[in-house]
Amino acid sequence: MSKTSNPDSGSEIVIRAAVASDAAAILGLIKELAEYERLSHEVTATVENIRASLFGGDPAAEVLIADLNGSAVGFALYFHNYSTFLGKRGIYLEDLYVQPSYRGKGIGLRLFREVARIAVERDCGRMEWSVLDWNEPALNFYRSLGAVPMSEWTVQRLTGQALE
């Protein structure tokens with residue numbers, strides 16, 4: 001996908017599509033993200049269901065990896081949604097995460113831009129995501145990119161028994 005040098009180490013960060021052998025690294029990054037978001041208690045994913053759901057016959061989502069010398073230091077997970085008003089599919093960015101020691105080096109921006117590039121390449125009408133209202137660093141990052149909060153919309157969710 002894309003390469004740039006890491007100014008701190010001289011090593012190259014590579015943004016690439018994830019493959020099945022990345023399942024454990026993806027789950028590790030998901031767990032780190034959940035800890036940061038104070039939601040670790042909600043993570044029930046396993047390496048096996050990450051591998052099956054992302055790399056099986058009908059992948060539920062796609063993942064980009066920020067790779068530094070063979071180690072995943074960040075990821076972006078996204079999937080298609082659909083806008084009836086636009087009559088086009090879009091991309092929903094479920095997660096964007098960079099390990100704390102690699103933040104501020106442009107890795108998150110590169111992951112975000114790659115997802116946006118894919119959305120444009122696939123003729124998507126929009127790209128959307130959710131951000132926790134207390135996550136000021138993320139909110140500031142997205143605002144700096146021109147993102148607009150959807151203040152009139154409230155996310156709703158069914159899980160567990162209510163979903164059943």
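The values are calculated or read from the model by the stated rules, or taken from the named source; none is laboratory data. Note that the coordinates shown come from a computational prediction; the quantities given were computed from them, not determined experimentally. A quick note on method: Cβ atoms are made from the backbone with ideal geometry, for glycine too, and the neighbour counts reach across all protein chains shown. All accessible areas refer to the heavy atoms of the entire protein, side chains included, with ligands and DNA or RNA removed. Shrake-Rupley method; radii C 1.70, N 1.55, O 1.52, S 1.80 Å.
Summary table below
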read-out: Lys88 being charged (D, E, K, R), over 23 Å from Ile13 (Cα atoms) and open to solvent by 40 Å² or more (accessible area, probe 1.4 Å); value: yes
read-out: In the stretch 118-144, the residues that are part of a loop (DSSP other than H, G, I, E, B), under 16 Å from the mean Cα position of the chain (by Cα) and in contact (Cβ under 8 Å) with a residue 12 or more places away in the chain; value: Arg126, Ser130, Leu132, Asn135
read-out: Condition met for Gly108 (surrounded by 11 or more Cβ atoms within 10 Å (Cβ to Cβ) and in a strand (DSSP E or B)); value: no
read-out: Condition check for Ala60: touching a helix residue (DSSP H, G or I) at 6+ places or on another chain (Cβ under 9 Å) and closer than 20 Å to Glu35 by Cα; value: no
read-out: In the stretch 63-77, the residues that are farther than 18 Å from Lys31 by Cβ and either touching a His at 6+ places or on another chain (Cβ under 9 Å) or free of Cβ contacts under 8 Å to residues at least 40 places away in the same chain (or both); value: Gly70
read-out: Single residue of the stretch 104-117 satisfying the filter (in contact (Cβ under 8 Å) with a residue 12 or more places away in the chain and either in contact with a His (Cβ under 7 Å, 6 or more places away or on another chain) or among the basic types (Lys, Arg) (or both)) that is farthest from Ile26 (Cα to Cα); value: Lys105
read-out: Cβ pairs under 8 Å, 6+ apart, first in the stretch 8-37 and at positive phi, second loosely packed, with under 13 Cβ neighbours inside 10 Å and acidic (Asp, Glu); value: none
